[in-house]
Amino acid sequence: MAMVLALAAGYARRAVVDSDQFANRATAALNNDNVKSLIADRITDDVVLKNQQDLLAARPIIQSVASGIVGSRAFTSLFRSAVVAVHHHVHRPGGQRRQHPVLAPHRTAPAAG
């Protein structure tokens, strides 16, 4: 039983704590057509059309271009670098964690009184 737990802990360390392994898995997800399509849809709807509603008729073209960008080597490389950077920021050496300013929940100061 101890051997199984040790193997599971070793795998978890490599899978979650190791930034390169984490980034490799996250980047591999970009090879999945469903993932690419979802990201392209979000770019199209939440970034482009949210700000430029007059482009609604061009949605299929925008979505196709966004999907091509998401599947490109340049995007994959940029995505991997971003995942590594965020992972390094969240996981400090020695197991200490710190919150990423963008990913951390917004906190408000307690009311005086």
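The values are calculated or read from the model by the stated rules, or taken from the named source; none is laboratory data. These numbers were taken from a predicted model, which means no experiment stands behind them. Here the Cβ is made from the backbone with ideal geometry for all residues, glycine too, and neighbour counts use every protein chain on show.
Below are the figures for this structure:
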| item | result |
| --- | --- |
| Any hit, segment 89-110, residues being at pLDDT below 70, loosely packed, with under 14 Cβ neighbours inside 10 Å, of a type in the set (Gly, Ala, Ser) and not in a helix (DSSP H, G or I) | yes |
| Residues within segment 45-68 that are surrounded by 14 or more Cβ atoms within 10 Å (Cβ to Cβ) and within 24 Å of VAL86 (Cα to Cα), tallied | 2 |
| Any pair with Cβ under 7 angstrom, 6 or more apart, that starts in segment 47-59 at a residue that is closer than 19 Å to SER37 by Cβ and ends at one that is among the polar types (S, T, N, Q) | ARG59/THR44 |
